[in-house]
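Let me begin by presenting the structure, written as structure tokens, before commenting on it.
Since every read-out is calculated from the coordinates, none of them should be taken as a lab result. The shown structure was predicted, so the numbers you read here are calculated from the model rather than taken from an experiment. Don't worry about glycine lacking a Cβ; one is built from the backbone with ideal geometry, like all the others, and counts go over all protein chains shown.
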């Protein structure tokens, strides 16, 4: 009888503890903010401009993400000789969950930080989709026997894991993935060559395999025959810094 009573006491105590956890809001597993999905569609125009549509599915927990996110976009790069080229960036559309949302931009070194969010509104916890569209010029590489798009899909400045990322690219007048000489990809820490086993290709799109941790990048390299894209005029593609950007 005593053993039965002791058992009932233990069960009652466990049930009370479970009820306390539920009512007090104590989380059994700690919630975290993540980019659940990061998709990039890239269209290369005949005039060598590049149109990008990024769709980012974000899990918001009001820890670091309260009013929005910051997307850092490169607008300057240096070649192997140290020469600087300024890219021309134009933001064409930004939405949160299909609705227009306030945004601003500020130059930050070689990048432009695009701050997306209403400073007077807290984004509710849960999954939200950020849509970012922009056009960039002077980014295509023109070589003797081919042209090339070298693209860091996710950037390197997010402090949240990216659970899944994908990228697909279209040449002028072609479907996504058609007409390319080669398609390569790398995943790893910024500044390293990366690992091509952490992504895969399917019908011209490249998908990551497994999450990206903060500081890791997802880079793709697409090459195609010359003649499909017209190089910009010399002032825009020489190694002198050009005026432009936001």
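Site pair residue 146 and residue 174 shows an inter-label distance of 1.2 nm when each label is modelled 7 Å from Cα along Cα→Cβ.
For the range 34-237, a Kirkwood radius taken over Cα pairs fed into Stokes-Einstein (25 °C, viscosity 0.890 mPa s) yields D = 138 µm²/s. Computed from the Cβ-Cβ distance with R0 of 41 Å, the FRET efficiency linking residue 127 to residue 90 stands at 0.90. I'd like the FRET efficiency for residue 189 and residue 32, computed as 1/(1 + (r/R0)^6) with the beta carbon distance as r and R0 of 22 Å, rounded to 0.05. For residue 189 and residue 32, the calculated efficiency is 0.60. For the pair residue 201 and residue 46, the difference between a 0.36 nm per residue extended length and the Cα-Cα distance amounts to 53.3 nm. Stretched out straight at 0.36 nm per residue, the stretch from residue 99 to residue 163 would grow longer than its current Cα-Cα span by 20.6 nm.
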